[in-house]
Amino acid sequence: MEIKLKRVEGMQFDCVSGEGHTVRIDGPPSIGGTDTGPRPMEMVLVGLAGCSAVDVLMILGKQRQNPADVELTVTAERADAVPAVFTKINIHVSCIGGDVSLKKLEKACELSMEKYCSVSRMLEPTVEITHTCAVK
């Protein structure tokens, strides 16, 4: 796996994956950015949400559950020091519509967070990660 990062201007960078996908990250104007993309620490949360969403949907599929849609909300707290690392993260998974048992969704979330999600497992030694879920 490889990512190439190239400065666009100021604190704005294009990150290109080995597969050719591009994401622009940026900083706030207070440090020379233009606020046109997510911050690097936000991208960590994006990776966590994406990894967990894929896991949950795959596990629900194996459980013969069929959500019409899924939404994840990730909230995080950071240390009030430098470096401002994450100290707490919560992932809330909502299955919207379709046919999904809350009990099976809870099991899928648990398996994702505790066994399958590589991002969660990587962060877990230094960050308190919790999860909640709901069927709407």
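Only the coordinates and a few stated rules stand behind these numbers; no lab work does. Remember, it's a predicted structure, so these values are computed and weren't measured experimentally. Don't worry about glycine lacking a Cβ; one is built from the backbone with ideal geometry, like all the others, and counts go over all protein chains shown.
Tabulated data for the structure shown
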{"quantity": "Unmet requirement for R121, which otherwise passes all of (1) over 23 Å from R39 (Cα atoms); (2) surrounded by fewer than 16 Cβ atoms within 10 Å (Cβ to Cβ)", "calculated": "(1)"}
{"quantity": "Residue pairs meeting the criteria (Cβ under 7 Å; at least 6 apart or on separate chains; first on the phi > 0 side of the Ramachandran plot, in segment 85-104; second buried (at least 16 other Cβ atoms within 10 Å of the Cβ) and of a type outside the set (F, W, Y))", "calculated": "G97/P67; G98/P67"}
{"quantity": "Condition met for A76 (in contact with a strand residue (DSSP E or B) (Cβ under 7 Å, 6 or more places away or on another chain), on the phi < 0 side of the Ramachandran plot and of a type outside the set (S, T, Y))", "calculated": "yes"}
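Conditions (1) in contact with a strand residue (DSSP E or B) (Cβ under 7 Å, 6 or more places away or on another chain); (2) among the basic types (K, R); (3) assigned to a loop (DSSP other than H, G, I, E, B), marked per residue:
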{"position": "K6", "(1), (2), (3)": "yes, yes, no"}
{"position": "F13", "(1), (2), (3)": "yes, no, no"}
{"position": "G20", "(1), (2), (3)": "no, no, yes"}
{"position": "V23", "(1), (2), (3)": "yes, no, no"}
{"position": "L45", "(1), (2), (3)": "yes, no, no"}
{"position": "L48", "(1), (2), (3)": "yes, no, no"}
{"position": "R64", "(1), (2), (3)": "no, yes, yes"}
{"position": "D80", "(1), (2), (3)": "no, no, yes"}
